[in-house]
Amino acid sequence: MAESLDFELGRQRLSVKRAEKSLSRAKEETDRENGVAVNIALCCRIWAARHCVMEARSARPASLRGVIK
């Protein structure tokens with residue numbers, strides 16, 4: 001049980017880090033001189049990345065569901 005929990009917590013941390021990195025890369029792109037279409041696409045990407053970060057941070061591993069409220 002403990003190994004399973006460690007694995008799932010590690011997977012969640014990795015998911016959060018991946019989402020945060022994607023968000024930071026998208027924000028860095030907005031500093032460059034791009035066309036309007038690229039900037040609109042970046043806004044959509046940033047919105048999606050923020051959503052992924054929030055989802056990853058709020059998600060609980062399956063083994064914790066029902067155990068921790």
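Tell me, which residue of region 1-18 that is over 21 Å from the mean Cα position of the chain (by Cα) and either of a type outside the set (Gly, Ala, Ser) or surrounded by 11 or more Cβ atoms within 10 Å (Cβ to Cβ) (or both) is modelled with the lowest pLDDT?
Top of the filtered list is MET1.
Can you name every residue in region 19-42 that is surrounded by 13 or more Cβ atoms within 10 Å (Cβ to Cβ) and not in a helix (DSSP H, G or I)?
Within region 19-42, ASN34 is the sole residue that qualifies.
The values are calculated or read from the model by the stated rules, or taken from the named source; none is laboratory data. Bear in mind the structure is a predicted one, so any value in this text is a computation, not a measurement. Ideal geometry is used to build each Cβ from the backbone, glycine not excepted, and the neighbour counts take in all protein chains shown.
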